[in-house]
Number of protein chains: 2
Amino acid sequence: MSDPDTRSRILSAAELLFTEHGFEATSLRMITGAAKVNLAAVNYHFGSKEALIQEVFKSRLTWLNEERLRELDRLEHAAKGEALKPRQIVEAFFGVALKMAADVKGGGRNFMRLLGRTYTEPSAFIRNFLGGEDAAVISRFKTALFAALPDVPRAEILWRFHFMLGAMAYAISGADAPHIVAAGDLEESDPEALTARLMSFLIGGLRAPLPEIHAAKKPRERKAA
Amino acid sequence: MSDPDTRSRILSAAELLFTEHGFEATSLRMITGAAKVNLAAVNYHFGSKEALIQEVFKSRLTWLNEERLRELDRLEHAAKGEALKPRQIVEAFFGVALKMAADVKGGGRNFMRLLGRTYTEPSAFIRNFLGGEDAAVISRFKTALFAALPDVPRAEILWRFHFMLGAMAYAISGADAPHIVAAGDLEESDPEALTARLMSFLIGGLRAPLPEIHAAKKPRERKAA
DNA sequence: CTATGATTCAAACATTCGTTTGAAACCATC
DNA sequence: GATGGTTTCAAACGAATGTTTGAATCATAG
């Protein structure tokens, strides 16, 4: 009767079904059906549907953000007090996520698709939860970017970081997007190729000339990426 | 009794509520309450909730895509058979959307937020609907980009277009995103500044050096954007 | 073996949902 | 005024939802 698997089977089923159907359209009966457990097990093990949703994110998201911070620590340690290059920072943040997204069998790919989708989720409770989870890592990375790009206004860096997140979310969603279907002939990209493609795009965008709202105030020149 | 407003009041209320809560979490009773109409009016005027969802998108999305095509036509007419510059094409596609997003009072801003969110919506019926609506405009723009960037592999262009869409979606969502909340100190950007910021980022990404998966095959050089 | 706590179970509960129904009210035309 | 079509209304319908409940089952320790 004491089945250590019940809890993890619910989590796995929920993760897949949330990705496929969204939170609202995935019922607990769908999840328990897929996990082959009893409906009451959800409330026994998790307390509520909301708590289950948060649990689905917790461990992977914690690992993702901790890994990002570890990567940044390694880079900063190796740099011995010098500022990092923007490319390094971008690779630490986005590269770790893309590596996770490349892990099909372990569920990382599905999770990153769910995460990318969830960042535009209307539900305030989910947005607040994610915001809380991301606060420390975002703060660290923005500080590192400010140091790496001293000539770029902070607002510009923040907005570009935000655009980069959108690009990554769509990259991860990939063939799910209606545009891809409409475009028709886009081949599936293998994880390494997708990473290379996205990184190139992100660095290009990050190091693009400043828009007119700033260029008049402070001429800028390109630096090594 | 014959109230030409009932239908449009339902549409307006639905548009706002779908943006705020998502499709599944917005009930018809919420919509009819906000619109001050009877619950059965939805089925009388629209037939079903799904049909209402599609109606919410139809007229604005048709206008958006037609305006994009008109802009592209104008550019091509002025170019007299020469290929357009990539920047022109990007401005025709994304600029029109951002102009719509700048229209707070007329509801364009809310609509673009809804649209950006909807592109990652799990529901297959919504994705199929949007894909169908976008097919012609996407096809035209990809053809124009291929002509503008003859040295760039087509797959690269398509993926970069996709990344750009993600960046735009997040740009429009703006302060809704958990990352922005976590970042804390990002100031609201006025529409013109946001457009300039995003365009700079998009062109930078589009014209970024090709990733390693291609660079070995075909050396590339920068062209005028 | 018994007692206790943990876990699972089926059923029930209260609520909510999109859709339907038949009547009432309204409008336009003759 | 009568007629037919349109629109709105309140209530009902059947289904689905997350949560709760009390009993049964299981596992462990004494």
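Values as computed for the structure displayed
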| quantity | calculated |
| --- | --- |
| Top-ranked residue of the stretch B:10-29 - restricted to ones that are facing chain A (nearest Cβ under 10 Å) and of a type in the set (S, T, Y), ranked as nearest to DNA strand D (Cβ to nearest atom) | B:T26 |
| The stretch A:104-117 residues that are open to solvent by less than 10 Å² (accessible area, probe 1.4 Å), paired with ones that are acidic (D, E) and assigned to a helix (DSSP H, G or I) (beta carbon under 9 Å, 6 or more apart) | A:F111/A:E15; A:L114/A:E15 |
| Flag if A:R60 is among the basic types (K, R), under 30 Å from B:Y119 (Cα atoms) and within 16 Å of DNA strand C (Cβ to nearest atom) | no |
| Any pair with Cβ under 7 angstrom, 6 or more apart, that starts in the stretch A:30-48 at a residue that is part of a helix (DSSP H, G or I) and ends at one that is open to solvent by 40 Å² or more (accessible area, probe 1.4 Å) and more than 10 Å from DNA strand D (Cβ to nearest atom) | A:A35/A:R9; A:H45/A:R7; A:F46/A:E55 |
| Counted residues, the stretch B:8-32 - those being modelled with pLDDT of 95 or more and farther than 19 Å from B:R109 by Cα | 7 |
| Residue in the stretch A:57-65 that is under 30 Å from B:E15 (Cβ atoms) and either within 14 Å of chain B (Cβ to nearest Cβ) or assigned to a helix (DSSP H, G or I) (or both) present | yes |
| Condition broken by A:L186, with the remaining ones in (1) surrounded by fewer than 22 Cβ atoms within 10 Å (Cβ to Cβ); (2) facing another protein chain (nearest Cβ under 7 Å); (3) modelled with pLDDT of 90 or more satisfied | (3) |
| Verdict on B:A40 being aliphatic (A, V, I, L, M) and near DNA strand D (Cβ under 9 Å from one of its atoms) | yes |
| Residue among A:E20, A:E66, A:E50 that alone is within 16 Å of DNA strand C (Cβ to nearest atom) and open to solvent by 80 Å² or more (accessible area, probe 1.4 Å) | A:E50 |
| Single unsatisfied condition, A:L39 versus (1) within 19 Å of A:D134 (Cα to Cα); (2) over 25 Å from the mean Cα position of the chain (by Cα) | (1) |
| Among (1) within 16 Å of DNA strand D (Cβ to nearest atom); (2) assigned to a helix (DSSP H, G or I); (3) farther than 17 Å from B:E133 by Cα - the single one B:L52 does not satisfy | (3) |
| Qualifying residue in the stretch A:132-150 (condition: under 20 Å from B:P122 (Cβ atoms), facing chain B (nearest Cβ under 7 Å) and under 13 Å from the mean Cα position of the chain (by Cα)) | no |
| Of the criteria (1) open to solvent by less than 60 Å² (accessible area, probe 1.4 Å); (2) in the same structural domain as A:S200 (by TED's automatic domain parsing); (3) at pLDDT below 95, which one A:I89 fails | (3) |
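Rundown of residues vs (1) away from DNA strand C (no atom under 16 Å from the Cβ); (2) over 30 Å from B:T120 (Cα atoms), yes/no style:
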site: A:D5; (1), (2): no, yes
site: A:L39; (1), (2): no, no
site: A:E55; (1), (2): no, no
site: A:R74; (1), (2): yes, yes
site: A:L84; (1), (2): yes, yes
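Results for (1) of a type in the set (D, E, K, R); (2) open to solvent by less than 10 Å² (accessible area, probe 1.4 Å), shown as yes or no for each residue.
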site: B:S123; (1), (2): no, no
site: B:R127; (1), (2): yes, no
site: B:S139; (1), (2): no, no
site: B:V152; (1), (2): no, no
site: B:L158; (1), (2): no, no
site: B:M164; (1), (2): no, yes
site: B:A169; (1), (2): no, yes
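The values are calculated or read from the model by the stated rules, or taken from the named source; none is laboratory data. The shown structure was predicted, so the numbers you read here are calculated from the model rather than taken from an experiment. In this analysis, Cβ positions are derived from the backbone assuming ideal geometry, glycine residues included, and neighbour counts consider all displayed protein chains. For accessibility, only protein heavy atoms count, side chains too; no ligands or nucleic acids. Shrake-Rupley method; radii C 1.70, N 1.55, O 1.52, S 1.80 Å.
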